[in-house]
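Here is the structure we will look at, set down as structure tokens.
The values are calculated or read from the model by the stated rules, or taken from the named source; none is laboratory data. Here the structure is a predicted model, which means the values were calculated and not measured. Here the Cβ is made from the backbone with ideal geometry for all residues, glycine too, and neighbour counts use every protein chain on show. In case anyone asks, the SASA skips ligands and DNA or RNA and just uses the protein heavy atoms, side chains included. Shrake-Rupley method; radii C 1.70, N 1.55, O 1.52, S 1.80 Å.
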Amino acid sequence: MRSGRLAALAGAAFVAASCGAPAGVAGVSTLPPTPPPGGGVTAATVASQPGHAVPPPGEEPVRVPPPKMSPYTYAFPVKGCKASYARKLLVLPKTTIWAKKGCAFVSPVDGVVQEVNVKNLWSPSTDRGADREGRFVTVKGEDGVLYLGGHLDSVEQDITPGTKVKAGQLLGRVGNTGNARDTASNLYFAISWPTAPQNWWVRRGVVPPWPYLDAWDDGNRTVSPRKATLALRKRLGETPPCTQLCASKQTTTTPTPKATTPPKKKNDNDNGMPTPIPI
């Protein structure tokens, strides 16, 4: 009798346990997961900001400096002012850096001043190519590259040919001298290789400068135009002929041909090349 009652009680307990919990799978726990430490706060979302992930605690990220691309250090040529410039070919491989009048024009690199023009010699009546930059300064960098800053309003008194300068050193002030007199103030900025003053078309710009301006402005001050400049000089020669904006305005009188002299056949010029288009 007693054994029968024990069997009945055991059966009832088994039925209650079966109805009160889901059937388990061998090796898998049916218990609820244990909450993680820290009160359950992980990189999950915050109730007050749905969809916003809370980063795990940690230190501030370490800023890695840009890679060093050359042994030279450069400076953006306009300092202390907001500036903008075109990133495309503008007739010549140079760029116009737009900035307010009086903004600082600084040396792009350590080097030596090569040419200085403190007189605004440009005249629209002649439009001589050598005078188009108005007041300008050129610097022969320690990287072997020549840098020109033109249309200057003024040149610093201590800046003369042969003066040693450092990257970021003040050379002059932005203006609109030369053939920029009817435009907003700007800096004519050009990259080439050192050449004699009479080869003014070389100093006016040979190497596109905007990739280097972008790098210097973005903080990578070691991106150098030296390699591109040397490669282009090797391909074009030390003194390539002038091909763009070469002609100056000339006031001439055309004599009336004599009746016995046939008119001269019209040619572009003596060497058979088309006359370059002036500015």
- The answer for residue 135, listing residues at least 5 apart or on another chain whose modeled amide H is closer than 5 Å to its amide H, is 151, 152, 177, 178
- How high is the FRET efficiency between residue 62 and residue 214 when r is their beta carbon distance and R₀ equals 35 Å, given to the nearest 0.05? 0.90
- Which whole-Hz couplings ³J(HN,Hα) result when phi for each residue of region 163-172 is put into the Karplus expression 6.51 cos²θ - 1.76 cosθ + 1.60, θ = phi - 60°, listed in order with x for Gly and Pro? 6, 7, 10, 10, 4, x, 6, 5, 10, x
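R0 = 22 Å: FRET efficiency of residue 142 with residue 170, Cβ-based, nearest 0.05?
On the way: r = 18 Å, r/R0 = 0.83.
With R0 = 22 Å, the Cβ-Cβ based efficiency is 0.75.
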- Query: Want the number for residue 100 to residue 54: 0.36 nm per residue separation, take away the alpha-carbon distance, what's left?
  - Reply: 12.0 nm
- Mind listing the phi-derived Karplus ³J(HN,Hα) values for region 126-132, rounded to whole Hz, using 6.51, -1.76 and 1.60 with θ = phi - 60°, and x for any glycine or proline? 10, 6, 5, x, 5, 9, 5
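So between residue 230 and residue 154, what do we pick up on full extension, going 0.36 nm a residue minus the alpha carbon distance?
Values: separation 76, 0.36 × 76 = 27.36 nm, distance 3.11 nm.
Stretched out fully, the residue 230 to residue 154 stretch lengthens by 24.2 nm.
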- Task: Can you check what the Kirkwood hydrodynamic radius comes to for region 145-204, Cα pairs only, in Å to one decimal?
- Result: 12.6 Å
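Going from most exposed to least, what order do 210, 193, 201, 98 have by accessible area with a 1.4 Å probe?
Details: 210 40, 193 0, 201 70, 98 105 Å².
Solvent-accessible surface, decreasing: 98, 201, 210, 193.
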- Working out 0.36 nm times the residue gap between residue 89 and residue 248, then minus their Cα-Cα distance, what length gain in nm do you get to one decimal? 55.0 nm
- Quick one: Karplus J couplings for region 64-74, per residue in order, coefficients 6.51, -1.76, 1.60, θ = phi - 60°, nearest Hz, x for Gly and Pro? 9, x, x, x, 7, 9, 7, x, 9, 10, 10
- Message: Tell me the volume per residue, in Å³, of the convex hull enclosing the alpha carbons of region 90-246.
- Response: 104 Å³
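How do 223, 207, 64 stack up against each other in accessible area, from largest to smallest, with a 1.4 angstrom probe?
Result of the area sort, largest leading: 64, 223, 207.
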